[in-house]
Amino acid sequence: MKKYYAVIITLVAAVVIMSGVIFYQIIVSRSLTAGAMPEETLTPSPSAPAPAPTPTPIPTPTPIPTPEPPPPITIPILDPPPLDETVYDTVILNARLINPETLNDMENYNIGILDGRIAALTRRPIQGNRTIDATGLVAAPGFIDILTFAPHDSGARFKITDGVTTVMVMESGTADARTSFANYARNPQFINFGMSNWVSTIRSNIGYGSHAVMTNQRSIDRLVERVRQNMMDGALGISFLLEYAPGIQGAEMLALYQLAAEMGVPVHSHLRFSTPHGPNNSLVAIQEVIDFSRETGAASHINHINSTGATHVAEEAFAMIKAANEEGLRITACMYPYTFWATNANTTRFNPGWQTRFGISYGDLQIPNTTTRLTAQTFAQYRSQPQLLFAMNTLPEHELILGLQMPFMMIGSDTMAGTPGRVHPRGVGAFSRTVGRYARDEGVITLMEALTMMTIRPVHHLSEASDDIKHKGRLEIGADADIVLFCYSTIIDTATPENTTSLSRGIHYVFVNGQMGVNPSGPLDVRAGRPVLSRFASPAEPLEYINYTITSDEHEIGILPAYELFGLHFIDLRAAAELLDVEYTLAESGQIAFGQAVLQLGETVFESYGYVSNLHHEPIIFQSSVFIPVNDLPVLYHGLLYK
């Protein structure tokens, strides 16, 4: 019996050893910390004595190598940051923060404004000289109107109460940027503003009227040099009003398109034709600017495409633009969210045949701020006057909705509202209407899509032409503090053809360069607007950075540039993830995955494998990405990725 017991004990020992080996392999391969596997017990059969087995040699287990810890990464370590005791000029608390540039929609964030810039986007408590409780409000970048007229006091007040903090005069503009911007410097504005080259006026100044075709090469060269100098003085692009100045033709357009490509500015066009009918139709006009972009490489932008370019042919028009962009061209457009357009009775738009071109008649023309519709007799009376007329029922809403869904579309009001008789409602409520009617009520676009076309898309469109514009249209550290706070459940336009200057509702606060321009009582007499100049007149200050060499096992992995902010050196977390070959994602909610570490924008606490720890400084949005101090990269890499 002792012999049998010895054999049984030997077998049990072998099984236990092999089970331990297998269990250890599972633990190492899965990096788990689960409890031990159940023991397997061997017992003799109860019906018969167990035969004496032939002794077999016990296999020697293969040694399992101990897993190596991750190779250390080495970067210079700075001193811990001092406790942030900043008192900001203004703090905005508890906002729903939406930043279209990074597609973040985040709840309960605080914004710190200092010296006209955004200095904090955080969930930690901050303090300021002025505090605004934004509970229940959306904080978004100030809206950018890509198509308007020159700013003035009455019009700017309408704009700012619609959430607009920057207007771009990109259909007319200025023929003398140096003088224009000097005049504005002496007369500060409520909102920011930029201007294009007004080609019609510049060519008129050298002796060519709106119908005169410029074929003389010397004249073309002279025009090109004047436009070039105007951009050196601050103008942002080149503007054609081809329907109103049909004399602008091939050789002249080609020369200016070539100049635009050379200087990196867009060409904005009011198209040559505005009708879907006949050989000279809207699609021909769209093709004209696409062809010039293809030939020169310059970017083309189509102004108010819903009223001049796509009316009654929207599907075909938008398909042409999408195909051109897929080809590699840069074609964009803007529109206003209304179903009627407006222009003066004495313009070429009402030349004979207008009823056929636009599919309307006298009874569709309405006098602003009245219910009065015209007749043949009253139209004849107004024809020689600069009387603004609304062309009602001219822009199909289903085409408007289709346009809002296009990835190349922006919102342009095409108006700087003046006296009540000279106002289209789009100059008072276009942006609130886009958000309130078409995003919230109709649901044909999302809130993020609406804000994208009103903020960051115009910035991207103009970023090659202007360094000033790069600080706008985004909520990130260092950006201009152009901010709108609105209630998403109540924001809406109220202006109508019969009451053209009724202000929008639901916009509670508007900041322009850190100064409050609107509060719940309405617009304030605060002139914080600044010019948005071309990069030739206002070049960007170089952003200084320090290269950090990342090493592992004394071998260089790569180099990451760090930028100094708040006395610390910050690095791009996405770039660090690529360098270290770990996964990186940024969720809409602001949650960040860096390998197995889970972080949150604006918070120092993070988690990995169930462990909770702290960073030196919360992750921030900077340079359109997420940045952390260099001190925190080893913390994430060592303490969290391989727990």
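Odds and ends about this structure:
- The set of residues in the stretch 588-618 that are under 25 Å from Val459 (Cα atoms) and either among the β-branched types (Val, Ile, Thr) or surrounded by 16 or more Cβ atoms within 10 Å (Cβ to Cβ) (or both) comprises Gly590, Leu601, Gly602.
- Qualifying positions in the stretch 520-559 - over 30 Å from Met170 (Cβ atoms) and either assigned to a loop (DSSP other than H, G, I, E, B) or open to solvent by 100 Å² or more (accessible area, probe 1.4 Å) (or both): Pro520, Ser521, Glu544, Tyr545, Asp553, Glu554, His555, Glu556
- Whichever residue in the stretch 385-431 is of a type in the set (Gly, Ala, Ser), farther than 18 Å from Ala319 by Cα and part of a helix (DSSP H, G or I) and, among such residues, is nearest to the chain's Cα centre (by Cα): Ala430
- Test for Thr394: is it modelled with pLDDT under 95 and surrounded by fewer than 22 Cβ atoms within 10 Å (Cβ to Cβ): yes
- Residue in the stretch 478-494 that is over 15 Å from the mean Cα position of the chain (by Cα) and of a type in the set (D, E, K, R) present: yes
- Check on Arg226, at pLDDT 95 or above and open to solvent by 10 Å² or more (accessible area, probe 1.4 Å): yes
- For the stretch 274-291, a tally of residues being buried (at least 23 other Cβ atoms within 10 Å of the Cβ) and either in contact with a helix residue (DSSP H, G or I) (Cβ under 6 Å, 6 or more places away or on another chain) or without any contact (Cβ under 8 Å) to a residue 24 or more places away in the chain (or both) returns 1.
- Count of the stretch 253-268 residues, restricted to those that are within 23 Å of the chain's Cα centre (by Cα) and in contact (Cβ under 8 Å) with a residue 40 or more places away in the chain, is 4.
- Single unsatisfied condition, Met214 versus (1) surrounded by 21 or more Cβ atoms within 10 Å (Cβ to Cβ); (2) within 28 Å of Val532 (Cβ to Cβ): (2)
- When the residues of the stretch 99-121 are filtered to those that are crowded, with 22+ Cβ neighbours inside 10 Å and farther than 23 Å from Gly529 by Cβ, the one that is nearest to the chain's Cα centre (by Cα) is Asn104.
- The set of residues in the stretch 229-242 being buried (at least 18 other Cβ atoms within 10 Å of the Cβ) and not hydroxyl-bearing (Ser, Thr, Tyr) consists of Asn230, Met231, Asp233, Gly234, Ala235, Leu236, Gly237, Ile238, Phe240, Leu241, Leu242.
- Candidates Asn369, Asn325, Asn351, Asn346: the one that is open to solvent by 10 Å² or more (accessible area, probe 1.4 Å), in contact with a helix residue (DSSP H, G or I) (Cβ under 7 Å, 6 or more places away or on another chain) and of a type outside the set (Gly, Ala, Ser) is Asn369.
- Candidates in the stretch 559-581 are the residues that are of a type in the set (D, E, K, R) and in contact with a Ser or Thr (Cβ under 6 Å, 6 or more places away or on another chain); of these, the one that is nearest to Asn631 (Cα to Cα) is Asp572.
- The stretch 619-630: number of residues that are open to solvent by 10 Å² or more (accessible area, probe 1.4 Å) and either aromatic (Phe, Trp, Tyr) or under 15 Å from Phe606 (Cα atoms) (or both): 1
- Restricting the stretch 463-514 to residues that are closer than 21 Å to Phe190 by Cα and among the aromatic types (Phe, Trp, Tyr), the residue that is most open to solvent (accessible area, probe 1.4 Å): Tyr509
- Residue in the stretch 296-316 that is under 27 Å from Asn230 (Cβ atoms), of a type in the set (Asp, Glu) and touching a helix residue (DSSP H, G or I) at 6+ places or on another chain (Cβ under 9 Å) present: no
- Within the stretch 560-581, tally of residues that are among the charged types (D, E, K, R), open to solvent by 80 Å² or more (accessible area, probe 1.4 Å) and either closer than 28 Å to Ser466 by Cβ or not in a loop (DSSP other than H, G, I, E, B) (or both): 3
- Evaluated against (1) part of a strand (DSSP E or B); (2) farther than 14 Å from His268 by Cβ, Ala333 falls short on exactly one condition, (2).
- Tally, over the stretch 186-211, of residues that are over 32 Å from the mean Cα position of the chain (by Cα), under 21 Å from Ser534 (Cβ atoms) and buried (at least 20 other Cβ atoms within 10 Å of the Cβ): 2
- Residue count for the stretch 458-470 satisfying the condition of being touching a residue at least 60 places away in the same chain (Cβ under 8 Å) and either more than 18 Å from Pro266 (Cα to Cα) or not in a loop (DSSP other than H, G, I, E, B) (or both): 7.
The values are calculated or read from the model by the stated rules, or taken from the named source; none is laboratory data. If you're wondering where the values come from, they're calculated on a predicted model, not measured in any experiment. Ideal geometry is used to build each Cβ from the backbone, glycine not excepted, and the neighbour counts take in all protein chains shown. Side chains are part of the model used for accessible areas, which takes the heavy atoms of the whole protein and leaves out ligands, DNA and RNA. Shrake-Rupley method; radii C 1.70, N 1.55, O 1.52, S 1.80 Å.
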